[in-house]
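What follows is calculated from the coordinates using simple rules that are stated; it is not laboratory data. In this text, all values refer to a predicted model and were calculated from it rather than measured experimentally. Note that we place each Cβ from the backbone using ideal geometry, even for glycine, and neighbour counts take in every protein chain shown.
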Protein chains: 6
Amino acid sequence: MRPSGRAADQLRPMKFTRNFTKHAEGSVLVECGDTKVICTATVVKGVPRFLKGKGQGWITAEYGMLPRSTHNRVDREAARGKQSGRTVEIQRLIGRSLRAALDLKKLGEHTITIDCDVLQADGGTRTASISGGFVALADAVKTLVDAKKVKENPIVSQIGAISVGVYQGTPVLDLDYPEDSSAETDMNVIMNDKGGFIEIQGTAEGEAFSDEHMVGMLAVARKGINEILEMQRQVLADDAE
Amino acid sequence: MRPSGRAADQLRPMKFTRNFTKHAEGSVLVECGDTKVICTATVVKGVPRFLKGKGQGWITAEYGMLPRSTHNRVDREAARGKQSGRTVEIQRLIGRSLRAALDLKKLGEHTITIDCDVLQADGGTRTASISGGFVALADAVKTLVDAKKVKENPIVSQIGAISVGVYQGTPVLDLDYPEDSSAETDMNVIMNDKGGFIEIQGTAEGEAFSDEHMVGMLAVARKGINEILEMQRQVLADDAE
Amino acid sequence: MRPSGRAADQLRPMKFTRNFTKHAEGSVLVECGDTKVICTATVVKGVPRFLKGKGQGWITAEYGMLPRSTHNRVDREAARGKQSGRTVEIQRLIGRSLRAALDLKKLGEHTITIDCDVLQADGGTRTASISGGFVALADAVKTLVDAKKVKENPIVSQIGAISVGVYQGTPVLDLDYPEDSSAETDMNVIMNDKGGFIEIQGTAEGEAFSDEHMVGMLAVARKGINEILEMQRQVLADDAE
Amino acid sequence: MRPSGRAADQLRPMKFTRNFTKHAEGSVLVECGDTKVICTATVVKGVPRFLKGKGQGWITAEYGMLPRSTHNRVDREAARGKQSGRTVEIQRLIGRSLRAALDLKKLGEHTITIDCDVLQADGGTRTASISGGFVALADAVKTLVDAKKVKENPIVSQIGAISVGVYQGTPVLDLDYPEDSSAETDMNVIMNDKGGFIEIQGTAEGEAFSDEHMVGMLAVARKGINEILEMQRQVLADDAE
Amino acid sequence: MRPSGRAADQLRPMKFTRNFTKHAEGSVLVECGDTKVICTATVVKGVPRFLKGKGQGWITAEYGMLPRSTHNRVDREAARGKQSGRTVEIQRLIGRSLRAALDLKKLGEHTITIDCDVLQADGGTRTASISGGFVALADAVKTLVDAKKVKENPIVSQIGAISVGVYQGTPVLDLDYPEDSSAETDMNVIMNDKGGFIEIQGTAEGEAFSDEHMVGMLAVARKGINEILEMQRQVLADDAE
Amino acid sequence: MRPSGRAADQLRPMKFTRNFTKHAEGSVLVECGDTKVICTATVVKGVPRFLKGKGQGWITAEYGMLPRSTHNRVDREAARGKQSGRTVEIQRLIGRSLRAALDLKKLGEHTITIDCDVLQADGGTRTASISGGFVALADAVKTLVDAKKVKENPIVSQIGAISVGVYQGTPVLDLDYPEDSSAETDMNVIMNDKGGFIEIQGTAEGEAFSDEHMVGMLAVARKGINEILEMQRQVLADDAE
């Protein structure tokens, strides 16, 4: 029995709100149970120095938590003058995952920055950031397509992400904070809409996990990600936006 | 005629939403036109080193803008490793202003941190932070009173803040971004509910201002702050909270 | 009765020494009672990146205290690797105030940096820095005019500054350290030679201040600044310099 | 055909040299083909603040590359004043993996720091660091056991690690730099001597990977790690040490 | 012929002004030709952590240049967030040299910080800092002796310093900036009043120097330092102080 | 009697291993007793900004210690975000010394970076870095000569370095750690193959040193450096390289 009463393969209620703020090219509030993250996508002309003249674009991500998005206040990283190791690890994961959505050649020399800022944390902030970030990215790319700044839509894959774990011996989908803090294993799975894996990061917490657990976790992850991909398609198809 | 069509002494629509996030002792979304700021108040036992053993508490504030809260993305300060001079200046102002709300002796050895994070900026983020921060502070203090961790309510003044300016020669209330960027003078006024000034910061932008302008700005500021103080009282009186 | 025995509207003895050091384009030691600040002005060709190609110049200021300029030694900011919030706030104020002295268009693409370094502190270092910084700025501008690097003298206003406060209920001029540390209100006033306000920053320390106090403080500030402006004119007119 | 001519499931020649330097409690040079990493383990009494009084020990890891361990010189992180995101990510992985080797309660209030410094890089530095780090850790723990500073040997699992990937469509073991830079997928696998997974990090580089690829990669990883665990046992059993 | 017209073994005019500022336990303006440095000595109770409980005191030094103490403005180190390598090197030299003046056991658990801040630079700032720093140190120690906070005067040696060099083939004393920038060799010599060497740092600039040059440089250094030691004794003997 | 039983003018066994790692243009492991340092030389096209367009090259050095190269672990400077004063001082010395080996004009617009990383420390790491760095530099310069990227061999001097000291009243050569930590004086001497001094840095530790000590120290230094220069010549002449 999960603390939340959910079935082992059941997502929390999830919601994408497009155009959540007004300035960004893409701005999405993603809610996954009590986890709430603002994902904005910013498009600028030009690329980082290491890509100058290579005829391709770039996507990068930054991640932050509001100091009191968590049970206890965490120090503001801007005040400490340093991003934590956890933050660095997460924003690199988000960036790698979302770069898999695009043909960077087709993006041309544009850089898109995905900012994921956690308003409220209740487990799964990094995978919510990726799922929400994809929607913000799609909206930002649309502004380029509409303005004819790219010749062809550079989006080649749809990207979704979810956390899974082994909780009291059972593979479960979409860990919330109470589960996350006591799960034996925690795995983040990022997939595309062709069913391929983009990234898998599984960590044993306390006890090693078996091949069997892995197969079980990947099965529930696949089911959950398919539901998320469907929700993304629906919200992006919404004419009212 | 103001760009927004407002009268010279008219506030933008303003709204305080209490309990906006779930973890903080006080959490308020303050909206002032299109300016939106989350203000949270965090209470911890203990005081900074310079106050150890003095039998009093402390209030401090931190301020940040989400990178894409503005027209163009601003660098994430956590990534740059440094808060900007503007940020430092603002958070010192918020902290000083809200310390005037309390008798720090009555607060006992507790520290309250007010985090003001701008989701969307359209002028007046620092004064919105103070007005919203006061409501979050009041909620946080209530948790101390309710838990009998303080003997007496330490709040001695209600604090409200607004920006005023001289726009095309006329003193106007509550500058939005289009006005702010072209006003001749910009002044932030912070007052308490006894009509006293807590802080005044007026800056000539391009042209010096006269005694007459100052009198005019202070008059509209006083009117606006009285309306804000009334809104704070209403939202704090709300039983449903 | 003030600790120093001065009248409520009486300045401390004040002195400007031009050409205090030999390398800078402008170098002034300003003494205001026991407060001593070296203000140097450095002129370089070129402007910061955000002004490139706009056909105008720039003035910026930096402020520092020698570690033992104060009663107790303060940490050397270079060793701590960070300027304090107070320093940042002060140097932004000095920069804004002195930019009001010039028509930046007429300055052409030059940058003038005003360095204000406190040798000895006894209250009022930021306003002394502005008053002394103006003299250093005038000398530096003169080198540009004399070398015909600007077509027209870009100085359009003379700038003076002083601190005022409410001490034991009375508005007083030019707070020294003993007054500053016990005043109820502290206000820095920056004005030009047309009697206009450039910046006003008033802060209640402990108790809010009234309209009446404000009128009183501005009156003594105006008197004091007029005396400072006259001293600046005299020292700048000195042929021997 | 692999660039090195190795079979798909063949490790590079691998060697552990214990007591490589003389000061550390554990000091191991691990060589994996041309990849060479010094792993040292340092034991100190006491634990980080967040573990004070919990009656357990801690293991942490740091990772660095000598500036010219790579084809082109990389900036010295000490000179840049900042560890790169990649470094942070790697040292967190090493620390998590090696903590799985111990019962931290049995370690008592000791902290062991594993320093992994890359002398020469040719792919697989992070997994080599973990495999070599385990040997250094074992030696360091032995000093505690021999000195009777712990009651019971705290090592509960042996830890080995290897990278695998999909190279030209085939799952291959132990990527060297030429393979690593052109592999479609790169996965780091960390396992213990009971055949359980400690951590899996798989990243698609360019193309998503399938369930089938994953099964193939895990199979070769398991074979390679078993060989590494056997080598670790042999070197640790060596009486001459 | 030297640019200044001085004889090869002639010092520039040198002057020590005690009590230059009012807050420090020792405050000396040292002038050596156009080089002007404020040296202050600050005494605090207690020692750095690495000396806790060893029953001895400590002396440390910090060095800084006002940004416009030089021909061209140098960046303010506090603003850059970092002391330069040159600064670090110099302040370590000053600290080592002045520690040789005292029996640190007799100093008891006090820390004396010598701050050397260059108002105007014209060569020889580091040796001027040491010579002036000694006088400030002596004054600071006197406050401890007078207050009976130390049982016995801890000063065991008088310390003086000067730069020498090889200029156009000839050993010369007390390089000023024009000589310093074209000398073949630059050597800083620190000695005590028993004629012993405390520190010697000689650097060939462009061409190696011979034993003969070294003997010549040390001879003029010894002469110059003897004169400086005599000046220190005179200024410290001055009753009026 | 020295702790190691060596004669007063006897070097520790010293060894240079060229091509120690494979990527660098020059890579040398220098061993001096138990002190072991990797010196690599990296050549890049171009020069630092302050030399742009001056038609000359540059040599710079960086120094680091592996955290557990010493008896007790020292903090990793990359993790602390700052190089220590000692590190800065040492790398400036190495750079200055090795620049004396070359005619920088003949080097053309190339920059050579010498990285000296201490694997194991037992006294004399800075002089070992210089002696080993020279060999790495020579190898790196050879790649430029062989590739005809310089017209003429820019090496004009061979550089060797050693530490000497006064130990129990006697000048001794090549201090190891036990001597270094109890010597009365410590002096680093850098010379070229014409017998000229490049740099001398002598520091009294506890007691001032006399002219006589200096003469004695320089005599043993000269003997030791001549032996080192001979070893450098032999290893560089080795055909097998």
Using the number of other C-beta atoms within 10 angstrom as an exposure proxy, rank D:ASP180, B:ASP146, A:ASP139 with the fewest first. B:ASP146, D:ASP180, A:ASP139
Nearest 10 degrees, 0 to 90: what angle lies between the long axis of helix E:85-99 and the longest principal axis of chain E (Cα atoms)? 60
Any idea what the dipole of the range C:14-238 comes to, in debye rounded to 20, about its Cα centre with Lys/Arg Cβ at +1 and Asp/Glu Cβ at -1? 1480
Neighbour-count order for D:MET1, F:MET231, fewest beta carbons within 10 angstrom listed first: D:MET1, F:MET231
Longest principal axis of chain E (C-alpha) makes with the long axis of helix E:211-237 (C-alpha) an angle, in degrees to the nearest 10, of 40
Per-copy distances of the B:SER4 label point, shortest first, in nm (7 angstrom along Cα→Cβ): 3.9, 4.4, 6.6, 6.6, 7.8
Which chain C residue comes nearest the axis with its C-beta when you rotate C onto A, and by how many angstrom? C:GLY81, 5
Note down the magnitude of the dipole of the range A:97-172 about its Cα centre, charges +1 on Lys and Arg C-beta and -1 on Asp and Glu C-beta and zero elsewhere, to the nearest 20 debye. 320
Coil-residue trypsin sites (Lys or Arg not before Pro) of the range F:1-108, DSSP, other Cβ within 10 Å capped at 14: F:LYS22, F:LYS52, F:LYS54
Taking the Cβ of each residue in D:THR40, D:THR203, E:THR35 as the centre, tally the other Cβ atoms inside 10 Å and list the residues starting with the fewest. D:THR203, E:THR35, D:THR40
Relative contact order %, the range F:14-238, counting alpha carbon pairs below 8 Å whose residues are six or more apart: 20
Could you work out how far helix A:125-146 tilts from the main Cα principal axis of chain A, as a 0 to 90 degree angle to the nearest 10? 20
With Cβ to Cβ distances under 10 Å as the rule, what net charge do the other residues near C:GLN201 carry (K, R +1; D, E -1)? -3
Given the DSSP H assignment, sum -39500 (n - 2.57) over each helix run of at least 4 residues in chain A and divide by its residue total; what's the result at 222 nm in deg cm²/dmol, nearest 500? -10000 deg cm²/dmol
So, over other residues within a Cβ distance under 12 Å of D:GLN232, counting Lys, Arg +1 and Asp, Glu -1, the net charge is -2
Once the convex hull of the C-alpha atoms of chain A is built, how many Å³ does it hold per residue, rounded to a whole number? 135
Calculated diffusion of the range E:12-147, Stokes-Einstein form, Kirkwood radius summed over Cα pairs, 20 °C and 1.002 mPa s, µm²/s: 141
Using R₀ = 45 Å, calculate the FRET efficiency as 1/(1 + (r/R₀)^6) where r is the Cβ-Cβ separation of E:ALA147 and A:LEU51; round to 0.05. 0.10
In whole Å, what three semi-axes, largest first, describe the equivalent ellipsoid of the range A:75-132 built from its Cα gyration tensor (square root of 5 times each eigenvalue)? 24, 15, 10
Can you quote the Å³ per residue value for the convex hull of the Cα atoms in the protein assembly as shown, rounded to an integer? 209
Sequence-distant lysines (8 or more away, or on other chains) whose Cα lies within less than 19 Å of C:LYS22: C:LYS36, C:LYS142, E:LYS15, E:LYS36
With only Lys, Arg, Asp and Glu charged, each at its Cβ (+1 for the first two, -1 for the last two), find how big the charge dipole of the protein assembly as shown is about the Cα centre; round to the nearest 20 debye. 0
Farthest towards the positive end of the dipole of chain D, among D:LEU229, D:HIS110, D:ALA41 and with Cβ unit charges of +1 on Lys and Arg and -1 on Asp and Glu, lies the Cα of D:HIS110
